[in-house]
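One structure is given below, encoded as structure tokens.
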Amino acid sequence: MKHPIWIAATIAGGLAAGAASAQTLDAVKTNDVLKCGVNTGLAGFAGPDPNGRWVGFDVAFCRAMAAAVLGDQDKVQFVPLTGETRFTALASGEVDYLSRNTTWTLTRDVDLGFTFIGVNYYDGQGFIVPAELGVTSATELDGATVCIQTGTTTELNLADFFAANGISYDPVPIQTNSEALQQYQAGACDAYTTDASGLAASRATFENPDDHVILPEIISKEPLGPLVREGDDQWADIGRWVLNALIAAEEYGITAENAAEMAASSQNPEIRRLLGSESNLGEILGLEADWAVKAIQAQGNYGEIFAANIGEGTPINLARGLNAQWTDGGLMYSPPFR
Amino acid sequence: MTSIDTHQEPFRLGMLLNDTRYRSLTIQVFALAAFILATAWLVSNTVQNLSALGKDFSFTFLGSRAGYDISQTLVPYTNNSTHGRAALVGILNTILIAILGCALATVLGVLIGVLRLSGNWIVARIAAVYVEGFRNVPVLLWIIAIMAIITESAPAPSAFRGEEASASMLFGAFAVTNRGLYMPWPVLGPGWQLVVLTFLASLAAIVFLRRQARRRQEETGEILPIFWLGTGLFFVPVLLVDALLGGPITLDYPVLERFNFAGGGFVDKALLALWLALSLYTGSYIAEIVRAGILAVPRGQTEAASALGLRPRRVMSLVILPQALRVIVPPLISQYLNLTKNSSLAIAVGYMDVRATLGGITMNQTGRELECMLLLMGFYLLVSLGISSVMNWYNASVALKER
């Protein structure tokens, strides 16, 4: 008599599991909103502006994604996540797209069950210290108290770096960037370590940025990029090619302003394919033909997003460096659209 | 005379619903079936979703290298240790905060609970303000607030530097900084075992002395100056042996180096903040429990004790509190359990308890959410059951003995 129960249970479970792993694209279209995981607050990368509208480098990719999929860059529900909660949130379906300066590593890609869809910022881990300490190199930090954001790769790099140099330190694990800065500015830690872009962003918010120096050592490779759940290749492909479209747009000189015009008038076949005037790339992806135009119009091409949020001239003041187009000696390189 | 009809009605299927003798059985069977169904659905759903995500269910990650550092550990740990070891460090840190917290909360609670009943208006009001202030604000806010107060108000180690230092060490030995408390720490030289043995012996002697004193008081009514004798026994033999052996146990004092104090002992401010916040918060509940317990003892007891000529302090410690304990202990168990479970808020201030190591960094680095959460739940369950059983045993020992 117990058998029917077990069979029923298995069937019920199977149905529920089937529903849970339904195609992300359909779910996003049905809900008409993209749930996007972002940083709880990192100047230039993610944070609400004075009007409460989310802005920043990472936010821009969420908006471009929403524009490509739903046709409206404001159909995004931003979910602020800490370094510790981000992966659980993505794995559990609380967010569909995680754009939260997350480092692409093998274990995260393979073992944690996520798919990294590209790199939108090539970064490395650095240290910031008060200038008055007179420290000029990270190797002089023997015995220092170092603040770190817990649940990040920086935690592991830090341990490796100090072990490799045979020096000791006292780690102070902290949950968010703002709490870490509070500790650092109060002198509760001698140094704060995170991605160099984050350090530059944070330093820009200090009262006297010149009282703090970012040490020359970059102790790791931190390719930051957006990621999605593993197992939904269509959704991962969309994410990957929206990112590529923004990078390619900069290469071909397509901007938020001229995207519509270029789509109509450009004679370059690659541009015509990208912008949907030719071929059926949108259809292949499961999107509208003008997906790339919408994505570019949202926040501009990669270069525009960079310049508006974190580039030279903004308070963050980051040089393009490794993040320049490959044609300018950087690493930003989109595969062809055909 | 008619015989009673003992004929039993034959069992029919409808009786499962209509007959009260069988109905409860039917309901139980259905409830059990529903429970099994729900559990099976949950398990199957979990397994299917895990496999859809390409994840298996295994605890082998506990044996792999952790790779991260922990600042305060009770057992040796480096970043080359395993995740299992990191979990152990976290478990010990959780137990440490639980013991420290329960102890301080009890002391505070008893003190404030008694003070709230004080005849002195101001003292009673201050105790009331303490209780209401801490009881009615979420403990997480208190943890963060106390952490912020320590961070912002205590001096940084650099303030201790230079000719005109703005901060100085207490007694030249203790440094209160916004990183934590640096203090002297004993260093064990050759022959230290003897000193420790002497100390243990004098502790035993104190216990023996107290028993003797009590017996003597019961027999003759004479009260020995037990406090002074005990204090003398506590210090004199140890210091004597230590001096005779040429001081095998010395103190290592913290010294300011380039960034931090080095040497001596160090108590992380996260531990201090968490300890204070949890103790103050739970202490306010315990104060109310103690007050209720005291009020539960009939007023006649106090009056009778006073009539016997006992002083107020002795009335409290000899007559009221022992009777109040019977009312106090059962709800006290809940408070100890609450404090232990609330210690998982440690992550808010970066104290590396088991929630922060196993359920935080390890979970994040290995992606084993389900396994880590199950282990954590199992751990808290075990600890809570442990505390419960110890306290229940204590409760049985103070309960009213029916004779």
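No lab work stands behind these numbers, since they all come straight from the coordinates. All of these numbers come straight from a predicted model, not from anything done at the bench. Ideal geometry is used to build each Cβ from the backbone, glycine not excepted, and the neighbour counts take in all protein chains shown.
For chain A, just say rounded, prolate or oblate: build the C-alpha gyration tensor, square-root its eigenvalues into a ≥ b ≥ c, call rounded for a/c under 1.5, and beyond that prolate if a/b exceeds b/c, oblate if not. Oblate is the answer for chain A, as a/c is 1.5 or above yet b/c matches or exceeds a/b. As a calculated quantity, the FRET efficiency between A:LEU106 and B:ARG314 at R0 = 45 Å, using C-beta atoms, amounts to about 0.05. Considering only GluC sites (Glu not before Pro) in DSSP loops that have at most 13 other Cβ atoms within 10 Å, the longest stretch of chain A without any of them is A:1-206. Here the spin labels are modelled as points 7 Å beyond Cα on the Cα-Cβ line, and at B:LEU25 and A:THR88 they lie 4.6 nm apart.
Note: relative contact order over chain B, using C-alpha pairs below 8 Å and six or more positions apart, is 22 percent. Take chain B and mark each of the GluC sites (Glu not before Pro) that is in a DSSP loop with at most 14 other Cβ atoms within 10 Å; the longest unmarked stretch, sites excluded, is B:1-162. Put a dot 7 Å past the Cα of A:ALA260, heading toward its Cβ, do the same for B:ILE149, and the two dots end up 5.9 nm apart. A DSSP coil position with no more than 12 other Cβ atoms inside 10 Å describes the following chymotrypsin sites (Phe, Trp or Tyr not before Pro) in the range B:20-128: B:PHE57.
Neighbours of A:ILE310, meaning other residues whose beta-carbon lies under 14 angstrom from its beta-carbon, give a summed charge of -3 when Lys and Arg score +1 and Asp and Glu score -1.
The range A:261-338 and the range B:292-337 have Cα centres lying 77 Å from one another.
Between B:GLU303 and B:PHE35, what FRET efficiency comes out of the Förster formula 1/(1 + (r/R0)^6) with R0 = 45 Å and r the beta carbon distance, rounded to 0.05? So the FRET efficiency works out to roughly 0.20.
PRE reach from A:ASP49 (point 7 Å along Cα→Cβ): which of the range A:66-107 fall under 16 Å by backbone N? The answer is A:73-76, whose backbone nitrogens lie closer than 16 Å to the label point.
Considering only alpha-carbon pairs that sit under 8 angstrom and 6 or more positions apart, the relative contact order computed for chain A is 21 percent. Among the helices of chain B, those built from whole DSSP H runs whose Cα atoms reach 15 Å or more along their own axis and whose mean Kyte-Doolittle hydropathy is at least 0.5 are B:20-52, B:83-116, B:121-135, B:139-153, B:226-244, B:269-295, B:369-398.
Looking at the range B:1-94, the trypsin sites (Lys or Arg not before Pro) that sit in a DSSP loop and have at most 10 other Cβ atoms within 10 Å of their own Cβ are B:ARG12. Counting alpha carbon pairs within less than 8 Å and at least 6 residues apart, what relative contact order, in whole percent, applies to the range B:1-136? 10 percent.
If you plug the beta carbon distance of B:THR78 and B:LYS341 into 1/(1 + (r/R0)^6) with R0 = 30 Å, you get a FRET efficiency near 0.50. The stretch between B:LEU188 and B:SER166, if pulled fully straight at 0.36 nm per residue, gains 4.6 nm over its current Cα-Cα span. Among the chymotrypsin sites (Phe, Trp or Tyr not before Pro) within the range B:130-233, those in coil by DSSP and having at most 13 neighbouring Cβ atoms inside 10 Å are B:PHE171. Checked against a 31 Å cut-off, the cross-linked pairs A:LYS75/B:LYS341; A:LYS35/A:LYS221; A:LYS29/B:LYS55 give Cα-Cα distances beyond that limit for A:LYS75/B:LYS341. In terms of its C-alpha gyration tensor, the range A:63-197 comes out prolate, because a/c is 1.5 or above and the ratio a/b outweighs b/c.
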